[in-house]
Amino acid sequence: MRKETILSFIILWAISINCTKVMSQKWGMYTFYATQNTTQAKLIDTTGTTYKTWALSSSTAYSAYLLPGDTILQTVKYQSGSIGQGGITGKVRKVNWAGTTVWEYAVSDASTQMHHDVCALPNGNVLLVCYETKSASPTTVGCSSTITVWSEKIIEVKPTGATTGTIVWEWHLWDHLCQSVYSSVTSTYVTNVSEHPERMNVNYSIKQDWFHMNGIDYNPQLDQIMISSHALSEIYVIDHSTTTAQAATHTGGNSGKGGDFLYRWGNPATYGLSSTANNSGFNVIHDAHWIPSTNPLYPNYMCVYNNNSGGNVKVAIWNPPYNGYNYTYTAGSIVGPTTVINPTIPSFTASDMGNSQQLGNGNELVCNPGGSVFEVSPNGTTLQTISNAKSVHAYRYELCYVRAPIALASASSTLVTSGTAVTLSSSATSVTESSPTYSYAWTSTSGFTSTQQNPSISPTSNATYTVIITNTAIGCSDTASVTVNITGSSTLTVSATAMPVNVCPGSTVQLNSTPSGGTSYTYQWTSSPAGFTSTLQNPTVVPTSNTSYTVTVTSGSDIATNTTSVILYSSPVTPTISQTGNTMTSSASSGNQWYFNNNIIQGATGNTYTPPQAGSYQVQVTDANGCTSISSAYTPTVGIPENNSLTQKIIIYPNPTQSIINLSIPASINSFETEIINIYGKEVLKNSNQSTLNLSDLSNGIYFIMIKVDGKLVQQSKIVLNK
């Protein structure tokens, strides 16, 4: 037992020594940075030698990244409006190895302004952070101030041309507000904001540049987005798996919570609790990001660059309470954890901007935006200093990230009869290398192998052929694949349906796919017009136009597709409300339903409505297809004042009454009509030429009597029934 203990100690000591050596070494090969407000970008190797310098056509406004394929994703300043303060960008560009701009997209106008950070997605799209102007007031969102706010939105842009792109997904902070001050504003009202950390308290430190989002990151495993707020010193996580329509609500997506916050951390005061309760120490933060799962010290942890206003910069790392696609916390209590890790880094101050990167051996790369970039070991030893970089962000990459070839694979035909000769082709490009030499290694799902660049095959079954192309001089590789199918060999089929197939705007459609003839299936849904994708078997979607949805099902090497279509009805014309005297009239002649303070008025379905009390009224119109549209809120004249256009007033008595009221009608009136209306505007009694009215069948309360002569209202009065 003692020998085993001694042996275990020696093994652990050896492992510890080895890990210490690994973590005391520099990691990777090249550091990329773009000096802010200049046209310079560089790759510096771990010896301090400049490997590559770009002279960009425009200065870098905030962040810049080196993407796979040696393309720079750069932010550039462009402002056509007057929104925003520090961190203004306005354009995003992709710049190739040669320094040529291959794509540019601008977001800047009178009400919207791109700013700060961007994030490249695995599908080639880009997430952009944008200001958007919103009006806050007690009556609109329950804000205790009346103010124009630069709120935030995130848009996902798919590049479509040299200077064009399509917004395929978006999220708006303004859709996820709450407040506990104005109960009449039902869209945002909650009893207690501390019980709703999934939404943003609109009455916390509201000002023009309220949120000031400055960092954005994407987690492809969770399909989630993390953002950081300078003004609020807090990070937030939202669900990217939603549709745009779901992102505006509180349901949908992998998490089931729509566009609400799945998680937040840093400043509990923003949701009504103590600002220091989770011990984050945040005081102005930037660069919210996930740490990769391969990190030996902090796998899947979260991290921010804590500017720690008034003190030295800190890197803040914590382990969030993951729970599948959600996070565990108790509403009304602090969102955890209550501890934070601050690795040892060089001492410096930075009031704004900056980033860190947790490297693959446990080291930290820390960027001082006003000075140097440091690589630091876990024990705080500075291993490399890149002086005078003056970059908002800096990132370390391994040799093959920068210099690996890009492989392509194709076949002379991808659909053939059994035994037909097919030539497989492969090629590679290496923009960083002058005269690369390559080796080739083909494999397939059918057992085929080859080391030729362009081998020949005679397939008898469906198969996918994969080639690994390696630059033999530096040992960097890339992989590409092509599938060859045999005509008539597959029994795989799939049916596609939509329910319902005819919908109104804003309605959710359930897409269903039913495969057969295979075993294990994968699914890929696309749409025409483009914009919708899903890998679920039976996803939901909210169409914005007549759309065809195609599902491609794969089982092994077999592929089957099918399409279903959805017809989108048009919404009825949005009604408007006008008022004549005390009567409101809808512009729609039929299909009306009146609302008071966002609540349905039972029985109020006519073209006109007489409001019995002050408040906010709307009318909703439903057409023959069941589609609806609702008017803007309308505030009519308060109450129903007494009115008498007669020279001699009609006397109503007794009032209050227990059941019977009498009308003293002037002799000059030969014919008249009476209508009794309750406080909800509903007619409850109507008579002609009756001077005695029996109200015994009505409930106690306040009513209004409308007296008309020759169809014209001549008098209206309030009646109190108290049986």
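Every number in this text was worked out from the coordinates using simple rules, so none of it is lab data. Note that the structure is predicted; figures quoted are calculated from it, not measured. Using ideal geometry, Cβ is built from the backbone for each residue, glycine included, and neighbour counts are taken over all protein chains shown.
Quick look at the numbers
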quantity	calculated
Along each principal axis, Cα extent of segment 453-604, largest first, Å	87, 42, 21
Efficiency of FRET between Thr508 and Thr100 - r from beta-carbon atoms, R0 35 angstrom, step 0.05	0.20
Added length on full extension, which subtracts the Cα-Cα distance from 0.36 nm per residue, Ser347 to Thr519	56.1 nm
Residue (of Asn562, Ile88, Thr608) at the positive-pole extreme of the chain, dipole from beta-carbon charges	Ile88
Net dipole in debye of segment 611-723 [+1 Lys, Arg Cβ; -1 Asp, Glu Cβ; about Cα centre; nearest 20]	220 debye
Tyr189/Thr385 FRET efficiency (R0 60 Å; Cβ-Cβ; nearest 0.05)	0.65
Square roots of 5 times each gyration tensor eigenvalue, C-alpha, segment 517-650, largest first, Å	54, 13, 10
Proxy reagent accessibility, fewest Cβ within 10 Å first, across Glu234, Glu152, Glu683	Glu683, Glu152, Glu234
Distance between modelled label sites at Ile660 and Ile206, nm, 7 Å Cα→Cβ extension	5.7 nm
For segment 212-280: relative contact order, % (alpha-carbon pairs under 8 angstrom, 6 or more apart)	22 percent
Extreme residue, positive dipole direction of the chain, given options Val553, Ser446, Val402 (C-beta unit charges)	Val402
Ratio of Rg to Rh over segment 577-630 (Cα coordinates, Kirkwood Rh, two decimals)	0.95
Kirkwood hydrodynamic radius of segment 375-451, Cα pairs, Å	17.5 Å
Model label zone, Thr166; criterion: amide N under 18 Å from point 7 Å along Cα-to-beta-carbon; scope segment 513-549	524-535, 541-549
Pairs of Cα atoms farther than 15 Å apart, segment 272-357, %	62 percent
Out-of-range pairs (alpha-carbon distance over 29 Å; input Lys94/Lys390; Lys134/Lys314; Lys91/Lys207; Lys257/Lys682; Lys42/Lys207; Lys42/Lys153)	Lys134/Lys314; Lys257/Lys682; Lys42/Lys207; Lys42/Lys153
Cβ-placed point charges (K, R +1; D, E -1), dipole of segment 166-303 about Cα centre in debye, nearest 20	220 debye
20 Å Cα-Cα reach of Lys77 towards aspartates and glutamates, excluding residues that sit fewer than 8 places from it in its own chain	Glu104, Asp109, Asp117, Glu132, Glu152, Glu156, Asp209, Asp287, Asp352
Extension gain from Thr423 to Gln690, taking 0.36 nm per residue of separation minus the Cα-Cα distance	86.3 nm
Rounded D (µm²/s) - segment 31-92, Kirkwood Rh over Cα pairs, Stokes-Einstein at 37 °C, 0.692 mPa s	262 µm²/s
Principal axis dimensions, segment 643-721 - Cα atoms, whole angstrom, descending	33, 22, 20
Calculated SAXS-style log₁₀ I(q)/I(0) at q = 0.06, 0.09, 0.13, 0.14 Å⁻¹ - segment 21-401, Debye, Cα scatterers	-0.22, -0.49, -1.07, -1.24
Kirkwood Rh in Å, taken over the chain so that all alpha-carbon pairs contribute	30.9 Å
Segment 404-486: relative contact order as a whole-number percent, Cα under 8 Å and 6+ apart	38 percent
Pairwise label distance in nanometres, Tyr634 with Ile600, each label 7 Å out on the Cα-Cβ vector	2.1 nm
Between segment 327-391 and segment 488-511, the Cα center-to-center distance that results, in Å	48 Å
Relative contact order (percent, whole number), the chain, Cα cutoff 8 Å, 6+ residue spacing	6 percent
Square roots of five times the Cα gyration tensor eigenvalues for segment 404-486, Å	26, 11, 9
Cα centroid separation - segment 218-277 against segment 664-687, whole Å	57 Å
Average projected area [Cα convex hull, segment 493-567], square nanometres	4.3 nm²
Positive-end extreme of charge dipole, the chain - chosen from Leu721, Ser194, Thr276 (charges on Cβ)	Thr276
Potential extension, Ser275-Asn546 segment - 0.36 nm per residue separation minus Cα distance	92.7 nm
5 Å-binned pair-distance histogram of segment 153-214 (Cα, whole percent)	4, 16, 19, 18, 14, 10, 9, 6, 4, 2
Alpha carbon centroid spacing (whole Å) that separates segment 73-103 from segment 567-632	46 Å
Summed side-chain charge close to His212 - residues other than His212 whose Cβ falls under 12 Å, Lys, Arg +1, Asp, Glu -1	-4
The chain - charge dipole about Cα centre, Lys and Arg +1 at Cβ, Asp and Glu -1, debye rounded to 20	480 debye
